[in-house]
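Some notes on the structure that comes next.
The values are calculated or read from the model by the stated rules, or taken from the named source; none is laboratory data. These numbers come from a predicted model, not from an experiment. Reconstructed Cβ throughout: ideal geometry from the backbone, glycine too, with neighbour counts over all protein chains shown.
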Amino acid sequence: MVDVESSSEVLERPHELKQISTHWTMVSNPSRFVTRYGAAVRTYLRALLPTRDDADDVEQEFLLQVVERGFPTVAPGRGYFRHYLIVVVRNAALAHLKRKSKQTSVSADLAHVAAETDAAREWQLSWRECVLQNTWHALRDHQKRTKGNQFHAVLKVSVDHPEADSSSHAAHVSKTSGQELSPEAFRKQLSRARRKFGELLIQEVTRTISDVTPELLEEELRELDLLKYVKDLLES
């Protein structure tokens, strides 16, 4: 049973990966990146920089540049977009501090930026949260597009109230949706919802991998502690 954390085309089989992405799709749509991963940039900068004002200034400058001019010096190759992005954001932070002060004390600020172990950890955690949130949004959109589909509703209530049984869950979904759902129907929808969530999660992660392969996908899922949600799909 997949315990999904609360917060298009669907990839049906791992061998279809290369049909989906041969580059970082975030690069070709900067505005979409800001919507989907801007929160990760914000969290990283606030953990990285000496003051919140510095972090907010760099975030504004960086995201405005991305929307207006795209990403700097991008030549997509084999690898993960978030690894490239953390370097770009860190460089933006350094440039901001250098512009901000010409005094010798700026070196202390730069030293603080260089010691970024905690900030890097925050980056990975916030990136993971963005991936999950984007997947939840995709599942909600799938439900809206499909008549009689309650995937988002049944999975959400199952995650939010793991102690309740299927009868209670079914009653809750019936009340909130206005559509009668029996306990048996709830269980069937829940099983399908978990699989759909896993498929959408895989699709979300593949968008951020260049020249994606099953090996790279599995490595990224494992590093972000997401493999447990899709392991059955990758093995099928």
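Please specify each residue of region 182-208 satisfying the condition of being of a type in the set (Asp, Glu) and surrounded by 17 or more Cβ atoms within 10 Å (Cβ to Cβ). Even if it seems obvious, please write down each step before you answer.
Taking region 182-208 as the starting set, the residues that turn out to be of a type in the set (Asp, Glu) are 184, 199, 204.
Residues satisfying the conditions are Glu199, Glu204.
For region 142-149, indicate whether the set of residues that are surrounded by fewer than 16 Cβ atoms within 10 Å (Cβ to Cβ), small (Gly, Ala, Ser), modelled with pLDDT of 85 or more and within 21 Å of Ala55 (Cα to Cα) is non-empty. Explain how you work it out, then say what you get.
Initial filter on region 142-149 (surrounded by fewer than 16 Cβ atoms within 10 Å (Cβ to Cβ)): 144-148.
Now narrow it down to the ones that are small (Gly, Ala, Ser): 148.
Filter once more, so that each one left must be modelled with pLDDT of 85 or more: 148.
Next cut, within 21 Å of Ala55 (Cα to Cα) only: none.
Scanning region 142-149 turns up no residue that is surrounded by fewer than 16 Cβ atoms within 10 Å (Cβ to Cβ), small (Gly, Ala, Ser), modelled with pLDDT of 85 or more and within 21 Å of Ala55 (Cα to Cα).
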query = Has region 160-171 got any residue that is surrounded by 21 or more Cβ atoms within 10 Å (Cβ to Cβ) and either over 17 Å from Thr135 (Cα atoms) or aromatic (Phe, Trp, Tyr) (or both)?
reply = yes
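Okay, residues lined up against (1) closer than 14 Å to Ala92 by Cα; (2) assigned to a helix (DSSP H, G or I):
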residue: Tyr37; (1), (2): no, yes
residue: Ala40; (1), (2): no, yes
residue: Ala47; (1), (2): no, yes
residue: Pro50; (1), (2): no, no
residue: Asp54; (1), (2): yes, yes
residue: Glu61; (1), (2): yes, yes
residue: Glu68; (1), (2): no, yes
remark   = Those residues of region 139-168 that are under 14 Å from Phe186 (Cα atoms) and of a type in the set (Asp, Glu) come to a total of 1
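Kindly indicate which of Arg52, Arg46, Arg78 is loosely packed, with under 14 Cβ neighbours inside 10 Å, modelled with pLDDT of 90 or more and closer than 21 Å to Gln124 by Cα.
Working: Arg46 fails: loosely packed, with under 14 Cβ neighbours inside 10 Å; Arg78 fails: modelled with pLDDT of 90 or more.
The conditions single out Arg52.
What number of residues in region 89-141 are hydroxyl-bearing (Ser, Thr, Tyr), over 15 Å from Thr43 (Cα atoms) and either in contact with a strand residue (DSSP E or B) (Cβ under 6 Å, 6 or more places away or on another chain) or at pLDDT below 90 (or both)?
Of region 89-141, the ones hydroxyl-bearing (Ser, Thr, Tyr) are 101, 104-105, 107, 117, 126, 135.
Subsequent filtering for residues that are over 15 Å from Thr43 (Cα atoms) retains 101, 104-105, 107, 135.
Checking which are either in contact with a strand residue (DSSP E or B) (Cβ under 6 Å, 6 or more places away or on another chain) or at pLDDT below 90 (or both) leaves us with 101, 104-105, 107.
Summing the residues that are hydroxyl-bearing (Ser, Thr, Tyr), over 15 Å from Thr43 (Cα atoms) and either in contact with a strand residue (DSSP E or B) (Cβ under 6 Å, 6 or more places away or on another chain) or at pLDDT below 90 (or both) in region 89-141 gives 4.
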request  = Report, by residue number, each residue of region 157-186 that is within 28 Å of the chain's Cα centre (by Cα) and among the hydroxyl-bearing types (Ser, Thr, Tyr).
outcome  = Ser158, Thr176, Ser177
